[in-house]
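The values are calculated or read from the model by the stated rules, or taken from the named source; none is laboratory data. Owing to the predicted nature of the structure, the values given are computational and were not obtained by experimental measurement. Using ideal geometry, Cβ is built from the backbone for each residue, glycine included, and neighbour counts are taken over all protein chains shown. For accessibility, only protein heavy atoms count, side chains too; no ligands or nucleic acids. Shrake-Rupley method; radii C 1.70, N 1.55, O 1.52, S 1.80 Å.
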Amino acid sequence: MKIAILGTRGIPNNYGGFEQFAEIFAVYLAKQNHEVYVYNTHDHVFKEKMFQGVHIIHKYNPEHKIGTAGQFIYDLNCIIDSRTRKFDIILQLGYTSNSIWAFLLPKKSMIITNMDGMEWKRTKYSAKIQRFLQFAEKRAVKSSDFLIADSIGIQKYLKEKYNKESTYIAYGAAPFWNSNEELLLPYNLEKYTYDLLIARFEPENNLEMILDGVAASKNDRPIVVVGNSNNSFGNYLKQKFKDNPRIRFIGGVYNKEHLDNLRFFSSLYFHGHSVGGTNPSLLEAMAAKALIVAHRNEFNQAILKENAFYFSNAKEVQKLRETVHKSHHNQIVQDNFNTIIQEFNWNKINESYLTLFKKSLS
């Protein structure tokens with residue numbers, strides 16, 4: 001098969017979840033002797049035309065000049081190029097900025113779209129942008145030959161709202177085996193003496209709720225907050241909690257080995273995400289044997305089931321901080337780790353995608 005992957009900033013990954021998946025899946029396809037192309041932004045740090053058997057197509061992305069609107073131009077450039085290459089399958093990862101160009105997608109290619117989460121529910125967007133995202137979602141559903149839902153909740157939503165079937169294929173994670181306590185030293189941390197929160201600084205990730213609970217807690221254990229906080233919401237949180245020595249904002253950490261060790265040696269790992277499907281950072285926490293305290297919603301509960309502690313408000317966060325410690329809950333940590341190996345391993349995810357691809361062309 002001749003396959004294209006659109007909708008990411010490119011590979012190798014140096015940005016986020018979809019880029020990580022694109023890298024792993026594209027290399028897998030190439031090893032299966034398929035002809036694979038991944039679209040990269042022109043300013044991606046990787047400048048070569050081949051990556052581990054995968055063809056790389058660089059296209060201009062003016063996002064650095066004109067902001068978010070540049071993503072629409074980048075997607076347009078990718079889609080126009082795809083019209084010239086006779087792909088059997090075009091896999092779109094997400095729909096936010098490419099759906100308005102759906103009428104330009106090549107008619108003879110099979111269009112398969114991973115619908116990601118319900119982006120229009122994100123509170124960081126104005127009402128006008130939320131309406132656009134609902135429009136974009138509808139366009140993506142109508143213009144795709146096959147839909148992929150990365151959670152049961154999203155699959156159910158697509159069926160109820162659009163009466164459209166989708167294939168459930170989750171995200172994946174790699175089991176973390178090699179812990180190294182020395183990697184805590186740059187952060188002035190010691191094992192099991194801190195809690196951890198890793199998230200983008202967006203209201204629907206419930207950072208404020210978590211930190212309110214930490215601030216009210218009688219437990220002196222610090223919480224380390226990882227993520228780029230240089231936006232209005234991040235600045236608000238840093239100002240609100242600036243006098244609380246237990247709350248440490250350390251900015252973004254992009255070294256995965258460091259992140260995995262931070263997760264592994266934390267006492268509690270807080271996961272506040274409430275919008276979307278299978279969140280990559282949640283699976284990575286499970287894979288790194290973190291003891292997870294998650295926001296109570298259908299997406300998190302579908303993945304974690306009974307192997308986590310849940311909260312719905314700051315008072316519950318406070319109570320969990322005061323009563324729960326990783327050393328007392330080895331079994332649920334191991335159960336989550338086993339779930340990664342059995343259900344969310346990359347081989348299974350890759351095979352599920354390839355099975356769908358073959359089905360789509362049969």
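Each peptide among 166-176, 324-334, 262-272, 195-205 gets the average number of other Cβ atoms lying within 10 Å of its residues, and from highest to lowest they stand as 262-272, 195-205, 166-176, 324-334.
Here is the tail figure for region 149-223: Cα pairs spaced more than 15 Å apart come to 74 percent of all pairs.
For region 148-206, the solvent-accessible area of protein heavy atoms averages 50 Å² per residue (probe radius 1.4 Å; ligands and nucleic acids excluded).
Helix-only arithmetic for the chain: the sum of -39500 (n - 2.57) across DSSP H runs with n ≥ 4, divided by the residue total, places the mean residue ellipticity at 222 nm at -12000 deg cm²/dmol.
Straight-line reach from Lys238: taking Cα to Cα under 20 Å and skipping same-chain neighbours fewer than 8 places apart, the aspartates and glutamates in range are Asp195, Glu202, Glu204, Glu208, Asp212, Asp220. Take the Cα radius of gyration of the chain and divide it by 2.2 N^0.38 Å, N being the number of residues; the result is 1.00.
Looking at region 301-356, the accessible area is 50 square angstrom per residue; that uses a 1.4 Å probe and ignores ligands, DNA and RNA. If the cut-off is 15 Å between C-alpha atoms, which aspartates and glutamates fall inside it for Lys108, apart from same-chain ones fewer than 8 positions away? Here the aspartates and glutamates satisfying the reach criterion relative to Lys108 are Asp81, Asp88, Asp145. Listed cross-link partners Lys242/Lys305; Lys128/Lys161; Lys2/Lys359; Lys159/Lys305 are compared with a 26 Å cut-off, the Cα-Cα value being larger for Lys242/Lys305. For region 56-119, the mean projected area of the C-alpha convex hull, equal to one quarter of the hull surface, is 4.7 nm². Relative to the longest principal Cα axis of the chain, at what angle does helix 314-323 sit, 0 to 90 degrees, rounded to 10? Between the helix axis and the principal axis of the chain, the angle is about 60 degrees.
Share of carbon and sulfur in the accessible area of region 94-192 stands at 54%, probe radius 1.4 Å.
Within region 160-283, the ratio Rg/Rh, alpha carbon atoms throughout and Rh by Kirkwood, equals 1.02. Nearest 10 degrees, 0 to 90: what angle lies between the long axis of helix 152-162 and the longest principal axis of the chain (Cα atoms)? Around 50 degrees separate the two axes. Take each peptide in 351-360, 278-287, count the other Cβ atoms within 10 Å of every residue, and average; sorted highest first, the result is 278-287, 351-360. Across the options Pro245, Phe337, Gln318, the greatest Cα extent toward the positive end of the charge dipole of region 238-362 (unit charges at beta carbon of Lys, Arg, Asp, Glu) belongs to Pro245.
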